[in-house]
Amino acid sequence: MTRFSASIAALALCLPGGAHAMQQAEDDPLSPVLDCREVPGDAERLACFDDATAALAERRSGGAFVVVRREQVEQAEREAFGLPTPSVGGLARSLGALFTSESEPGGPRHDAVDAAEPARAGDAEAQVAEASGVRVLERDDEGEAEVVIMQIRRFDEYGYQRGSFHMTNGQVWEMTETERMRMPRSGEAEAHIRRLRTGGYVLRINGRGATTNVRRVR
């Protein structure tokens, strides 16, 4: 289990019925439905499916478990990048209504991504990046975001060669060391932020030039 997955699990425990939801996740609530495939006889198999799906629908509507799509988890991961671990509070804000929107009329829906369809997967990746304002450039061996890109809205300088980067997605990253950072005089500026395996984060403007140690403050 990755660090982000562990934080998702911790968040689930904090939700209403969270402990029950985690138990259901471990037991796999779809198992009774899938087991019906082994029932001999068409009538018996159909009756099994009817009973299993009715029980599944009842548990879902009662909040016993939730369905979170891969795109939703990826968006939460991007929005939580840089927050302390475990970051249950931050994840709760990032996930927002993900645990209820699927069952609400007119709620946001996301198409499932088939790994065999790279074009669709690329479209989903672009949609998640646009929604969160965070593009993942590199992932580590565990599949967690290691280098992300955000657009800088402004840089507020204070003190001696210190300042904070305000991103267009609302995130704010503060320098933790003195370093002269040069913002482009024209054109867009992007922050390339790398998560260090030894802890902490470093930022480089437009992926080149000097780097500076930073921490996320918002």
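None of the figures in this text is laboratory data; all of them are computed from the coordinates on show. Since the structure is predicted, the reported quantities are computational estimates derived from the model, not experimental observations. Backbone-built Cβ (ideal geometry, glycine too); neighbour counts: all protein chains shown.
Details
- Neighbour cut-off at most 14 other Cβ (10 Å), DSSP loop, chymotrypsin sites (Phe, Trp or Tyr not before Pro), segment 148-218: TYR160
- Rounded FRET efficiency, nearest 0.05, which uses the C-beta distance separating LEU137 from SER186 and R0 of 30 Å: 0.80
- Counting Lys and Arg as +1 and Asp and Glu as -1 over every other residue whose Cβ lies under 11 Å from the Cβ of MET181, the net charge comes to +1.
- Spin-label model, GLN161 to LEU30: label points 7 Å out along the Cα-to-beta-carbon direction sit 5.4 nm apart.
- 3J(HN,Hα) couplings calculated from phi for segment 169-174 with the Karplus curve 6.51 cos²θ - 1.76 cosθ + 1.60 (θ = phi - 60°) are, in sequence order, 8, x, 6, 10, 10, 10 Hz; Gly and Pro show x.
- Kirkwood Rh, Cα atoms: Rg over Rh of segment 145-216: 0.92
- The distance between label points at THR168 and SER61 comes to 4.3 nm (points 7 Å beyond Cα on the Cα→Cβ vector).
- With a cut-off of 16 Å on the backbone N, the residues of segment 150-168 near the modelled label site 7 Å out from ARG218 along Cα-Cβ are 151-158, 163-168.
- Ranked for footprinting exposure by Cβ neighbours inside 10 Å, fewest first, LEU203, LEU56 give LEU56, LEU203.
- Segment 145-216, dipole about Cα centre (Lys/Arg Cβ +1, Asp/Glu Cβ -1), debye to the nearest 20: 120
- Cβ-based exposure ranking for THR211, THR178, THR168, in which fewest neighbours within 10 Å come first: THR178, THR168, THR211
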